[in-house]
Amino acid sequence: MSSSYHTLIHLGAGTQPPAAFYTMLAENSWLVDADSEVIAQRASEFEDQPGLQVRQALIDTEQRPGTFHRYNLSWANGLIPPSQEVQMLYPGLVCLAKEDQLTTDIKQLINEIAPDSHRSNLLIIDLGEQAQLLLNELQKSGHLCAFSHVVVIPAPRSTQSIVPPLGLHGPLHNTEVRFEGFSDHQQVFSLHPLAKENRWLTQSLESEQGKTAQLTQERDALKAQHDEQAQRAEQLAQENATFKDDIARLKQRRDEFKAQAEQHQQELKQIQQHLNDLTHERDEKAQQLEGIKKERDDLKHQLEEALQKKEDALHQNHLNVQAKNAAESRVEALEKELESLKSETSKIRQIVDEENKNDQQRIEQEMRKAEAQLDLIKEILVQGKES
């Protein structure tokens, strides 16, 4: 093919074709393979080729955990193992290793490489049974429009028939558009002439549908907002009526509270007056109490004086009793002395009579004196008992 491409992406590149094939076809070529050994070999080959890039990736329609199967025949390598029919046709086909890898979304890969959609670009898919799934995914996402041609390399003896998406025309049977270095079973598809326009219309339609959906959403939001505002207005009207009723009740309560306040003020004045009266009465009571206290102190002083007098009287009475007792003792002694005197007098009379009758008058006189003295003592004793 004489024409060249701006960007070439080869999925499942392997070790062939050589570098010259890519440099002749495109200004920039990206060789993608999941086999690390292949990537290492290709990187060594393209070390001095600025237009050739290699990348290790296990391609899929989405990013997910996957397993890369490496066989003794490189065309069987990939994410999906060969079918039972293919394995029966190749009994010597052996899986040499399995490597767990995180798959790379084909759409993400193309976005990162970013081929210029205004220029010719070439996509080569050499991934066996994955080809149909990847083409459908690219058609769905619109990434097919970035490539003017797509080449699908089917697996040997594959029974799968590629159904081109609506965006591709082919397979082409013109020998001028076939690529040397690939299998004779290669299928070359070209971008449908109306694909870009269809994509643009589809995007426009999707954009308009998005706008319509947005407008519908905005309309629904406005309607919901209007309904909400109407409901809110009705609610506000009800709240306003309730508010007016509350105001009327509050005014009534205010008037009641005002009347109660005036009544309480009057009662407060009465209480204040009563308090003043009580204070005056308290002061009078205090003065009376002071008088009572003074009177009590006077009475106490008088009581103390009376008690002192009583004590003095008791003491004097005690002294009187002692004097009376002493007088009684003295009387007893005098009585005894009188008896003794009488006895002696009798004896003396006898003696006197016998000795001197003249002395009788003197003795009788002494007897009368003694009797008078005794009567005087008795009278004093009687007066002491009466007191």
Distance in nm between label sites at GLU304 and GLU290, each 7 Å beyond Cα in the beta-carbon direction?
2.2
Separation of segment 235-306 and segment 106-163 by C-alpha centroid, Å?
102
Going by how many other Cβ atoms sit within 10 Å of their own, how do MET367, MET24 line up, fewest first?
MET24, MET367
Any aspartates and glutamates whose Cα falls less than 17 Å from that of LYS211, other than same-chain ones fewer than 8 residues away, would be ASP220
Long-range amide H contacts for HIS149: which residues qualify at under 5 Å (H placed 1.01 Å from N, peptide plane, sequence gap of 5 or more or a different chain)?
ASN121, LEU123, LEU191
Quick one, can you get me the convex hull of the C-alpha atoms of segment 5-192 expressed as volume per residue in Å³?
114
Which of ARG157, ARG55, ARG368 moves most in a GNM of the chain, Cα contacts under 10 Å?
ARG368
Checked the chain with the C-alpha gyration tensor, a ≥ b ≥ c its square-rooted eigenvalues, rounded below a/c of 1.5, otherwise prolate if a/b is larger than b/c and oblate if not; verdict prolate
Alpha-carbon centroid distance for the pair segment 2-73 / segment 79-96, whole angstrom:
23
A correct fewest-to-most ranking of LYS342, LYS324, LYS293 by other Cβ atoms within 10 Å would be LYS293, LYS342, LYS324
Rank the residues TYR22, TYR5 as a footprinting-exposure proxy: fewest other Cβ atoms within 10 Å of their Cβ go first.
TYR5, TYR22
Within the chain, excluding any GluC sites (Glu not before Pro) found in a DSSP loop (not H, G, I, E or B) and having at most 15 other Cβ atoms within 10 Å, the longest uninterrupted segment runs 181-387
Shape of segment 102-142 from its Cα gyration tensor (a ≥ b ≥ c, root eigenvalues): rounded if a/c is under 1.5, otherwise prolate when a/b > b/c, or oblate?
prolate
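Rule-based calculations on the coordinates, nothing more; no lab input. Keep in mind it's a predicted model, so treat the numbers as computed, not measured. Ideal geometry is used to build each Cβ from the backbone, glycine not excepted, and the neighbour counts take in all protein chains shown.
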